[in-house]
Every structure is written in structure tokens, then in C-alpha cells.
Amino acid sequence: MKTYFLILGIGLLTLYQVEAQGHGPIYGLQTPTLAKGGINMSAAGMSIATEDDASYMLRYTFFYGITEDLQVTLTTPTVIERLENAPRTRGNSMMPSNGDIEAALWYRFFSNAFGVGKRFESTAILGVSAPTEDVRGQVNVGNSIHGAISTGYASRTWYAWLGGGYQYYFEKDNQQLGDLPYASMVIGYRPDVFMGDYPKPDWRVFIESLVEFPGDNKYTGQQNFTDERSKKVLVGPSFLGLYGAWGISFGALFPVVQDLTPKAIKENYRVSINLSYWL
Amino acid sequence: MKKIVLLIVVVVFGSFSSNAQIQKIDQEVFGMDCAPCAYGLERGLEKLDGLEKVQVSLNDGKAYLDLANNNNLSLRQIQEEVKKNGFSAKNAEIVIKGNFVEQDGTYAIQTGKETFKIAEATSTNLRSRLKPGIVKVKGIVQDEEDGNLTNKWKLNITQVY
């Protein structure tokens, strides 16, 4: 039933031509480009499955290019099904996985376009978010801040990004969600068969990996808090298709390492799909 | 008599203004790797007044532009649009009609907005075919720093019409 709900939601989004994110990976940090004055709208459907249950969420994101090197984003969720004990994760490179409304600045502080279709670039991200729910996994949810840095190489054939970030939730009513240091690495490739010139569609495939070190939640007066962290490594494929102003990407991550603290929840997989449109 | 001379000057100047212009630009673009990148650049260029045809090629890394008759566009505007889209404008092959002049021992072709100084790499043979007045040439405009664009360029002429 939940799966049907997700498919229905994604179908509706397609029908109404609402759209999604950058032209890079889904889960890994990237270095998106947007023209000065450019607008990108995206809609994403995402799910995280644990041993016991699965979450389903739709998320809408608006991107605006203040300059060619600075863009602002605003993302809001529609949570269809929450997890009782949600894993702490970003869930997506450009948006939170949980019910947070997030505004962020993306600053491309380095860019070197050194050949046809080729460039090195680095981007810093700073975001603030506010929760849409009071309690998450039986813990009061506060506002949070997120910072990350990503550097990458793009060409017509190969892509690679390396990045790291940190999300910190503020305490609310003597309770605090655990923080999240994480890192990501992405390798991308576009086969010759998809090397058709614009405006023909082009596709690229990515292998994405994500390493997360989520901290446990804290409670005031907690006696047995050890400040230990879970360690997760997730790997999976994603695909990106671009046609004119449209983009669609979808992919999945599967845990290959889960060294969890006693209160952390074990994951089975994450899946995501994004639809994008550049105005 | 003075009125006639003035009229001739006005007519000649008016004629020069409408003729001196860039007619075609093949602008090399570095760093453009995806369809939405090309779409964004194409759309941005199409918004500029004076372009008759715009075609962007990802595989060539170029924007092919045909400019309208009596356009008032400058190469600087084109390259600034490329930069605005987050990419780097490099060499450009242009077809230009302009006023060939000598200034302080150097030769240049002037349009209404820009000056294209003849690069030393231009062959003596081609240079010798240029006479003062309106000329039409094809050539490669050498790359300038994206953040430091002016209205002055160096042009290596490859063909004189």
C-alpha cells in the first residue's frame, strides 16, 4: 500500500510537471551549476527501509542562481509515512531525508573550466533547517544547521565528486537529536552510446558511496550516554537522464557496513527518484 | 554647399553604423558538460537582441551564432552571457564587417562598439589586402580573461572577403 502511495505521488508530480535537482548524483555531494538568475525546480520521492518499517516522503526544492557561483535553495517535505525511529541521515545530497524545511546557500568558490565539457570545481554549502514535526523517534526535534564542502570533476565522459558534511541539531526541551558527520564519493560515466549532442537526450550512470557517523540522541540527565557513534557505509548505483531543460534521476543505496550503537536502527536500503526542470 | 557636405557625412556615417557589425560568431565554451547547461546557455543567448540563429553543441563545446542584419551586439555581450551561465568563454571565430583603420602604427577593425586589433599572427598576404574603409573578414578572436573583458580584442584574420 505504501509503495503504491509513493508511485502515485511520483506519478502526480510528473503529471503536474513539477521537477527536481542538479545534474549530478542523487546521494553524494556534488557541485551543481545554475546560471545567474536561473531557476531550477525539483520534486523528489524517497524512501528509507529499515528492518521493521519504511519511510516515504516527497520533497520539493527551489533553486535560484543569485550569481553563476552562488545559489540559494529552499526545500520542503511532504511526509507520507514516518519511521518510528528514523536513521539520522541527509538522505539526499541536496536535501534532508526527514521532515525538515531547509534553506541553504551553495557557493562555488573554485572553478576551472579547462577544456570542452571539462571543469574542476569546489562548492561550499551552508544550510539552516526547521522541523515540521515536534517529535522524531520519540525525541524532541530542534532546528539544525548543515555545512558541507564538495569538490568534483566533470567532463563529457567521466565525473567524480568527493565531499564531506556535518549536520547539528540544537537541543529542544532538554532533548537533542544526534549529529551527523558524513562523507561521500561518486564516480560517474557516460557511455559512448549516450554521447549524442544537444538537444538529444543524454544519460549517465553513477556509483555512489556514503559514509555516515550518526551520533546518538541526548537527553538531559541521561546517565549512560557514551558519546559513541554508529558507522555506516552505503554503496549503490544511480542514473541520470537529461533532455533539454528536463532531468530525471533515480538510484538506490545499500548498506555494506553497519556498525551500530545499541539504539540505532539497522537499514535495508534507500531509494530515491528526482524530477527536475530548469526555467 | 555646407548642407550638402553635412548630409553626405550623415549618410556615410549612418551607412557605416548599420554595416559595421559582427555577422557570425562561433564561440568556444569550456566547462559545459550537460544538456541543461546547453539549454540554459542557448536560452540566455536567445534573449539577446540581434541574434538570428543560436545553436549550442556540447560535443564541440561551442555556441554557433548567426547575427541579424543591423544588429548592435558585441562579442563582449556574448562572452558575458557565457560567463553568466557558469562557463568560460575562450577563442571565438567571427565574421565581421567593420572600418579598417590605422592607429599609432597598429591596424584594427572597428565596429560600432568594439575594436579588433589585427594580431601579428595574421599573414602579410591577408594584411596587404585590407584597405582603409569598410572591410569584411573572418578570423579568430584570441581568448581574454573572463573577469576582465573590455571592448578591445586581438583578431587573427584567416580570410578576407
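Since every read-out is calculated from the coordinates, none of them should be taken as a lab result. No experiment lies behind these values; they were computed from the predicted model shown. Every residue, glycine as well, gets a Cβ built from its backbone with ideal geometry; the counts of neighbours run over all protein chains shown.
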With each run of n ≥ 4 DSSP H residues scored as -39500 (n - 2.57), what mean residue ellipticity at 222 nm is computed for the protein assembly as shown after dividing by its residue count and rounding to the nearest 500 deg cm²/dmol?
-4000 deg cm²/dmol
Relative contact order as a percentage, chain A, C-alpha pairs under 8 Å and 6+ apart, gives 19
Please report the projected area of the range A:45-180's Cα convex hull averaged over all directions, in nm².
9.2
Starting from the Cα of A:Lys231, draw a straight line to each of the aspartates and glutamates and keep only those under 16 Å, dropping any in the same chain fewer than 8 residues away.
A:Asp179, A:Glu212, A:Asp216, A:Asp259, A:Glu267
Per-residue average of Cβ from other chains inside 10 Å of A:239-247:
3
Here the residues of the range B:21-38 lying in the modelled label zone of B:Asp49, meaning backbone nitrogen under 17 Å from a point 7 Å along Cα-to-Cβ, are B:21-22
Could you grab the relative contact order for the range A:125-180? Cα pairs under 8 Å, six or more apart, rounded to a whole percent.
33
Selection from B:Ala63, A:Leu260, A:Gly152, by position along the positive dipole direction of the protein assembly as shown (Cβ)
B:Ala63
Please work out the C-alpha center-to-center distance from the range A:223-273 to the range B:60-103 and express it in whole Å.
46
As a footprinting exposure proxy, order A:Thr67, A:Thr73 by other Cβ within 10 Å, with the fewest listed first.
A:Thr67, A:Thr73
Based on the mean of other Cβ atoms within 10 Å per residue, sort peptides B:65-78, A:39-52 so the most packed one is first.
A:39-52, B:65-78
Extension gain, A:Leu105 back to A:Val205 (0.36 nm per residue minus Cα-Cα distance, nm):
33.3 nm
Tilt, helix A:2-15 to longest principal axis of chain A (alpha-carbon atoms), in degrees rounded to tens, equals 30
Dipole-positive endmost among B:Ala89, B:Gln159, B:Gly105 within chain B (Cβ charges, Cα centre)
B:Gly105
Distance between Cα centroids, the range B:108-161 to the range A:124-178: provide it in whole Å.
52
What does the net charge come to around A:Asn92 if you take all other residues with beta carbon closer than 10 Å to its beta carbon, with K and R at +1 and D and E at -1?
+3
How many Cβ atoms of partner chains, on average, are near each residue of B:39-45 if near means within 10 Å of its Cβ?
5
Quick calc: nm separation of the 7 Å Cα→Cβ label points for A:Asp52 and B:Glu145 -> 6.1
Does a label point 7 Å from the Cα of B:Glu102, set along Cα-to-beta-carbon, have any residues of the range B:110-146 with amide nitrogen under 19 Å, and which are they?
B:110, B:116-136
Taking every residue of A:156-164, the Cβ atoms of other protein chains inside 10 Å of its Cβ average out to 1
Can you tell me, using C-alpha contacts under 8 Å and at least 6 residues apart, the relative contact order of chain B as a whole percent?
23
In whole Hz, with x marking every Gly and Pro, tabulate ³J(HN,Hα) for the range B:60-65 from phi via Karplus 6.51 cos²θ - 1.76 cosθ + 1.60, θ = phi - 60°.
7, x, 9, 10, 9, 10
Of A:Asn92, A:Ser238, A:Pro131, which is farthest along the charge dipole of chain A in the positive direction, counting Lys and Arg as +1 and Asp and Glu as -1 at C-beta?
A:Ser238
Scan chain B and note any complete DSSP helix (H) whose C-alpha atoms cover at least 15 Å along its axis and whose Kyte-Doolittle average is -0.5 or more.
B:2-19, B:35-46
Pairs B:Lys62/B:Lys113; B:Lys62/B:Lys84; A:Lys36/B:Lys47: which exceed 19 Å Cα-Cα?
B:Lys62/B:Lys113
With charges set only on the Cβ (+1 for Lys and Arg, -1 for Asp and Glu), what does the dipole of the range B:21-160 come to about its Cα centre, in debye to the nearest 20?
500
